[in-house]
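Working notes, structure below.
Values in this text are rule-based calculations from the coordinates and carry no lab data. What you see is a predicted model; the values in this text were computed from it and never measured. With ideal geometry, Cβ positions are generated from the backbone for all residues, glycine too; neighbour counts draw on all protein chains shown.
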Amino acid sequence: MSTPHELLESLPQRTQALRQELAKAIVGQQRVIEDVLLGLYCGQHLLLTGVPGLAKTLLIRSLAQTLDLTFKRIQFTPDLMPADITGTEIIQDNPATGRRELKFMPGPIFTNLLLADEINRTPPKTQAAMLHTMQEREVTAGRETMPLPSPFHVFATQNPIEMEATYQLPEAATDRFMLSVPIHYPSPQEEATMVRRTTGTDIPLLSTILNGPDLLAVQQLVRAMPVSDEVIQFAVNLVRATRPDSPSASPLIQRFVRCGAGPRASQFLILGAKGRAAMAGKPCADLDDVRSVALLVLPHRVLTNFKARAEGRDTSSLLQDLLPSIKS
């Protein structure tokens, strides 16, 4: 078993090995892979946003192979019920006693890495069941409460181009995802390579780089990383500056933002900064680490108003204007 110091020293090399292994299956998307690994190292759930066909499912399935973890996928639909996710109790005969008894049949939630595909396409009741398991990392059926496997991570996707028959996630629900990771179209060269790979007969074989206990150790290492009061104050100042009623809010925020980020954003900024530092092998998190995760932690927590939509201002552009003005 590696000591924390040895694990920190070896983490950049292991992370690079993970990137190289995933590149056998995923063409391009290096920044997306980096952000997904960051969410895993921090022990949190992620929200992936992108049009269909950008290898979101392939990425998480491949990640499970390189980490020797179980993987399942749920396709969310308007008729999906909570029991379809968590599992249900069935009546069956007990051969030993000859009696009928209830037995719990686990649902697909009982896995290490879960892809919740198009989570905004299922009704609020089912969304709530999904979000409850994410928060508590357990399932309650009847009188019994069962813990989910460890590690347990949810990667929820949203399709941004189809709004028919969708149920938008409430703001309080999206706040439970640490990072919101946008996935963009590949470059022309990457798209050509992707087409060449996926229309042939070769199937990439991925090797295991880390396993479940290794990942749990990394997550403990990330939380144990030191961070100065200056860095914490910078994260708090940044989050408070996104709130239009705050004295530190800029005129742009006051004009275009309806609701700013809550305290959970400050927590995730620091946790994400620690994760970035650990991935780079640094001994502690600094201001640059906080800045590097700000556009992943904050956009889905800052809500713009009608004026912003009318003038074509989105959350990311407002945050990019805000970041340089924040002092520690």
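Summary table
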item: Selection count, the range 305-328, where residues are over 14 Å from A241 (Cα atoms) and in contact with an Asp or Glu (Cβ under 8 Å, 6 or more places away or on another chain); result: 1
item: Residue that is surrounded by the most Cβ atoms within 10 Å (Cβ to Cβ) [pool: residues in the range 98-148 that are in contact (Cβ under 8 Å) with a residue 40 or more places away in the chain and polar (S, T, N, Q)]; result: T122
item: Residues of the range 268-313 satisfying the condition of being in contact with a Pro (Cβ under 7 Å, 6 or more places away or on another chain) and closer than 11 Å to V227 by Cβ; result: C284
item: Candidate set from the range 47-100 (those that are in a loop (DSSP other than H, G, I, E, B) and acidic (D, E)); member that is nearest to F155 (Cα to Cα); result: D68
item: Any hit, the range 273-296, residues being touching a Gly at 6+ places or on another chain (Cβ under 6 Å) and closer than 30 Å to L7 by Cα; result: yes
